[in-house]
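Peer 1: So that we are looking at the same thing, I have put the structure below in structure tokens.
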Ligand SMILES: Nc1ncnc2c1ncn2[C@@H]1O[C@H](COP(=O)(O)OP(=O)(O)O)[C@@H](O)[C@H]1O
Ligand SMILES: [Mg+2]
């Protein structure tokens, strides 16, 4: 079957009332296959996605989470203030059998959204975009801050559970299955020296000081859609929406967006937290997030960037010691290169930590 014939058949499973005209691959996402479907109705186009079921194991609950969050957002956008109204609503289109997704004869899972007119950028190029990115994720969190958290499932259990991640790390270091530990004394020490400190957020959650809220869990810049006037209009990529702390999202946005080097940069001299991008993102974020964050969350924003950088580096290191079972590698040693790059980023955050905290304090005091 021609690819477009297959897409046409899949599209016809959804309840759109429109005829398929053409489909074009869009986006640079690494996880799902995403297509824009044009129809015989000039104003109606859709986003068809094949969901990556190798990565996502619990598709029914994943789709329920998306349904809960997108419906909630849509209601808020319709009835909310000017700020909420600047967002476009992402809407799931059900199948003809009124399901949230379609399973094709080969066992692939598909979903359909309305198409949102906008573009995404893979990297944050300047402080203006960093500010807008921060504001967009702040708005997403604000608009979802009153979603009843029991209505969401933990579709990837223990995703950012540091205790479990450290447990797996120690287990694999002890087992040393591919004899790599002897070359990694420095990296293993690097982790051990920070273990206690990195328990902080988990302890605050356990003590009820940090609330469980809707967490996006993939706050990369290319998951924000911008319109032609460069305004953020939508947050996409809701596959990992789960209960968590909003600090995971803030921290990961800084880890990925405020470092001008790539995640697996081999030239460690290039890896560093960019304080200007950090400040701009934080400023945009707090413009909205000050409405709902509690003081404990605010005082841990800067720390959350260190935490997310540590936990991702730890996972790369663990996988390297384990013989590269989880992350796909493009060359031997890729995972240790990734880990070193993250640990270098963390060191630069440690060096600039007082500055980062001072920036947040100044923003909170309205002085930036
Ligand atoms: N509803 C939508 N409307 C318009 N473009 C979209 C929509 N959903 C996704 N995209 C585009 O497709 C890209 C990939 O989609 P995404 O859901 O982020 O999948 P991945 O998990 O593969 O990153 C996005 O970065 C965005 O550019
Ligand atoms: Mg994406």
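The values are calculated or read from the model by the stated rules, or taken from the named source; none is laboratory data. In this text the structure is predicted, and so the values were computed from the model without any measurement. Cβ placement follows ideal geometry from the backbone for every residue including glycine, while neighbour counts extend to all protein chains displayed.
Peer 1: Any residue at all in segment 277-288 that's loosely packed, with under 15 Cβ neighbours inside 10 Å and at pLDDT 95 or above? Full working, then the answer.
Peer 2: Step one: list which residues in segment 277-288 are loosely packed, with under 15 Cβ neighbours inside 10 Å, which gives none.
No, there is no match, as no residue in segment 277-288 is loosely packed, with under 15 Cβ neighbours inside 10 Å and at pLDDT 95 or above.
Peer 1: Related question: Among the listed residues 32, 40, identify the single one that is touching a strand residue (DSSP E or B) at 6+ places or on another chain (Cβ under 7 Å), more than 27 Å from residue 151 (Cβ to Cβ) and modelled with pLDDT under 95.
Peer 2: From the options 32, 40, the qualifying one is 40.
Peer 1: Under 7 Å between Cβ atoms, at least 6 apart or on separate chains: pull out the pairs that start in segment 305-323 with a residue that is closer than 16 Å to residue 175 by Cα and end on any residue that is at pLDDT below 95.
Peer 2: 319/325; 319/326; 319/327
Peer 1: Give the residue that is surrounded by the fewest Cβ atoms within 10 Å (Cβ to Cβ), with candidates limited to residues of segment 48-68 that are farther than 14 Å from residue 151 by Cβ and in contact with a strand residue (DSSP E or B) (Cβ under 7 Å, 6 or more places away or on another chain).
Peer 2: Among those that are farther than 14 Å from residue 151 by Cβ and in contact with a strand residue (DSSP E or B) (Cβ under 7 Å, 6 or more places away or on another chain), it is 53.
Peer 1: Moving on. Collect the residues in segment 110-136 that are surrounded by 20 or more Cβ atoms within 10 Å (Cβ to Cβ), within 30 Å of residue 58 (Cβ to Cβ) and touching a helix residue (DSSP H, G or I) at 6+ places or on another chain (Cβ under 6 Å), keeping them in residue-number order.
Peer 2: Once the filter is applied, which keeps residues that are surrounded by 20 or more Cβ atoms within 10 Å (Cβ to Cβ), within 30 Å of residue 58 (Cβ to Cβ) and touching a helix residue (DSSP H, G or I) at 6+ places or on another chain (Cβ under 6 Å), segment 110-136 yields 110, 133.
Peer 1: For segment 1-97, which fully contained strands (runs of 3 or more DSSP E) count at least 2 residues that are under 18 Å from the mean Cα position of the chain (by Cα)?
Peer 2: 33-39, 45-51
Peer 1: Would you check if residue 283 is away from ligand 1 (no atom under 16 Å from the Cβ), over 21 Å from residue 344 (Cβ atoms) and free of Cβ contacts under 8 Å to residues at least 24 places away in the same chain?
Peer 2: no
Peer 1: Considering only residues of segment 98-109 that are in a strand (DSSP E or B) and out of contact with any helix residue (DSSP H, G or I) (no Cβ under 6 Å at 6 or more places or on another chain), which is farthest from residue 69 (Cα to Cα)?
Peer 2: In this case the residue turns out to be 103.
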